[in-house]
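A.B. asks: I have a structure here, written as structure tokens, and I will follow up with some questions on it.
Rule-based calculations on the coordinates, nothing more; no lab input. Computed from a prediction, not measured in an experiment: that's the story for all the values here. Quick reminder, even Gly has a Cβ in these numbers, built from the backbone with ideal geometry, and neighbours come from all protein chains shown.
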Amino acid sequence: MEQAMIERLESSFNLLAPRGPELVDRFYAHLFSKHPALRPMFPSDMGEQKKKLLASLVLVIENIRKTEKLEQPLQDLGARHVGFGTQAEHYPVVRDTLVSVMAEMAGEAWNDQLTQDWNGALDFVSSVMLEGAESAVPAGHPN
Ligand code: HEM
């Protein structure tokens, strides 16, 4: 990842991080209102889920300068998502929803460059998660 892009990702996330709980609240509200079919995949009480999603975004940004440290945790996360019923085509939906909520919250501090940067960062996260998903052993087939 290019240095300037890393700096834009960090500074835009730092701007929103103090409003992290609001970010994940809005994210799931948008996700479920635009894609109601996804709601039953998640627990009815979303409290813990919101904290976990925020923690995973923090982890990504904290390690964005040393992405090799993200490989194992994101592959493991992707492998667990197979068990949650997540499919490859869900990833761009999550990416677009997250980016639009961040843009909305950042207001005038947002721009097209940031949309491009965050699409790139989330495509990277998704691709590592999907690598983990591919190597996940399907339930019932231990060999
Ligand atoms: C940027 C990509 C994503 C990140 C960073 C992410 C992050 C997380 C985290 C941290 C958890 C907590 C559970 C665990 O650690 O094993 C989780 C659970 C979950 N995620 Fe994701 N996720 C992503 C994409 C998706 C997508 C595309 C879907 C599909 C709709 C999805 C659906 C779920 C579901 C259903 C759960 C489990 C809820 C439960 O039963 O407790 N996630 N996700």
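A.B. asks: Using the charge dipole of the chain (Lys, Arg: +1 at Cβ; Asp, Glu: -1 at Cβ; taken about the Cα centre), state which of T67, V94, W118 has its Cα farthest towards the positive end.
C.D. replies: In the chain, that residue is V94.
A.B. asks: Could you tell me how many degrees, from 0 to 90 and to the nearest 10, lie between the Cα long axis of helix 90-106 and the main elongation axis, the longest principal axis, of the Cα atoms of the chain?
C.D. replies: The two axes meet at around 20 degrees.
A.B. asks: Next question, about the same structure. How far, in degrees from 0 to 90, does helix 3-16 lean away from the longest principal axis of the Cα atoms of the chain, to the nearest 10?
C.D. replies: The angle comes out near 90 degrees.
A.B. asks: Work from the charge dipole of the chain (Cβ charges, +1 for Lys and Arg, -1 for Asp and Glu, about the Cα centre) and give the residue of A37, S56, A106 farthest towards its positive end.
C.D. replies: In the chain, that residue is A37.
A.B. asks: A further question follows. Given +1 on the Cβ of Lys and Arg, -1 on the Cβ of Asp and Glu, and no further charges, what dipole in debye does the chain carry about its Cα centre, rounded to the nearest 20? Don't skip to the answer; put the middle values down first.
C.D. replies: Working: 13 positive and 20 negative charges, 87 e Å.
Around 420 debye, computed over the chain.
A.B. asks: I need the peptides 120-133, 46-59 ranked by packing, meaning the mean over residues of other C-beta atoms within 10 angstrom, with the highest value on top. Walk me through the intermediate numbers first.
C.D. replies: Values: 120-133: 18.6, 46-59: 14.4.
My ranking of the peptides, most packed first, is 120-133, 46-59.
A.B. asks: Let me ask another. Could you give log10 I(q)/I(0) at q = 0.14, 0.17, 0.21 Å⁻¹ for the chain, computed by the Debye formula over C-alpha point scatterers of equal weight, without solvent?
C.D. replies: -0.68, -1.01, -1.51
A.B. asks: Between the helical axis of 68-83 and the dominant principal axis of the chain, each derived from Cα atoms, what acute angle in degrees is found, rounded to the nearest 10?
C.D. replies: Long axis of 68-83 versus the principal axis of the chain: about 50 degrees.
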